[in-house]
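Participant: Pasting a structure here, questions to come.
The values are calculated or read from the model by the stated rules, or taken from the named source; none is laboratory data. Just so we're clear, the structure is a prediction, and the values are computed from it rather than from any experiment. Counting neighbours? That spans all protein chains shown, and the Cβs are built from the backbone with ideal geometry, glycine included.
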Amino acid sequence: MDEVTDEALLVAYANGDPRAARALTDRLAPRVLAHAARLLGGDRAEAEDVAQEAMLRLWRIAPDWRQGEAKVTTWLYRVTANLCTDTLRKGGRQVRLDAVADPPDPAPGAVAGLTGAERAGALQTALMALPERQREAVVLRHIEGFANPEIAGIMDIGVEAVESLTARGKRRLAALLLPRKEELGLDDE
């Protein structure tokens, strides 16, 4: 089912095909979980709850899905971002990066592993210092790899606003990481 589109799988699920649901879940759930974890500052438990709720909402809307109006991924990332925003606002908390266990690093060398973990931690800390909308745009563009028009659909803003948010976010990230440039072994890029 790898060649079948997300939209076709969703329609097949709505028509009673459980294999389509499994294929779509296998394809999208890990991406949604990773996106939620990034937006929530690495809180894996909260991210799992958000990802589960986002997928449940997708299954609920399946019978009413209108093909051609939006991509499934655009809709799902938007719902995920909204749920993350609600979670952060409801808790009124800031997730501290040092309270979250670092994920295992498959890098071969200890030094490379330490450097990679240090860079990832510094990036996550800097991301959490960005305003919410800038963080969301930067994560979608530079970590998730979405194009600006897709991000505009997910965030329900114009492409120009996406470009502005990502540009300001990148400048702010650079400013936040500049004091640690030498320590993290970052080059001028």
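Participant: Suppose we filter region 127-185 for residues that are hydrophobic (A, V, I, L, M, F, W, C) and outside any helix (DSSP H, G or I); how many remain?
Facilitator: 4
Participant: Any residue that is out of contact with any Lys or Arg (no Cβ under 9 Å at 6 or more places or on another chain), closer than 18 Å to Glu144 by Cβ and of a type in the set (A, V, I, L, M) - is there at least one of those in region 72-79?
Facilitator: There is at least one residue in region 72-79 that is out of contact with any Lys or Arg (no Cβ under 9 Å at 6 or more places or on another chain), closer than 18 Å to Glu144 by Cβ and of a type in the set (A, V, I, L, M).
Participant: Still on this model: In region 159-189, how many are surrounded by 11 or more Cβ atoms within 10 Å (Cβ to Cβ), of a type in the set (D, E, K, R) and at pLDDT 85 or above?
Facilitator: Number satisfying all stated conditions: 5.
Participant: Assess whether Ala29 counts as being within 22 Å of the chain's Cα centre (by Cα), assigned to a helix (DSSP H, G or I) and more than 20 Å from Arg135 (Cβ to Cβ).
Facilitator: The answer is yes for Ala29.
Participant: Of everything in region 1-49, what is farther than 25 Å from His142 by Cα and among the small types (Gly, Ala, Ser)? Give them in sequence order.
Facilitator: Result: Ala8, Ala12, Ala14, Gly16, Ala20, Ala21, Ala23.
Participant: Checking Ala81 against (1) part of a helix (DSSP H, G or I); (2) at pLDDT below 90; (3) within 15 Å of the chain's Cα centre (by Cα), only one condition comes out false. Which one?
Facilitator: It fails just one condition, (2).
Participant: Right, something else. How many residues are assigned to a loop (DSSP other than H, G, I, E, B) and closer than 17 Å to Ala70 by Cβ when one looks only at region 1-26? Talk me through it step by step, then tell me what you get.
Facilitator: Within region 1-26, the subset assigned to a loop (DSSP other than H, G, I, E, B) is 1-5, 15-17.
Still in the list and also closer than 17 Å to Ala70 by Cβ: 5.
So the answer is 1.
So that you can scan it fast, the table gives a plain yes or no per residue for (1) surrounded by 15 or more Cβ atoms within 10 Å (Cβ to Cβ); (2) under 11 Å from the mean Cα position of the chain (by Cα):
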| residue | (1), (2) |
| --- | --- |
| Asn15 | no, no |
| Ala23 | yes, no |
| Ala37 | yes, yes |
| Ala45 | no, no |
| Ala54 | yes, no |
| Thr74 | yes, no |
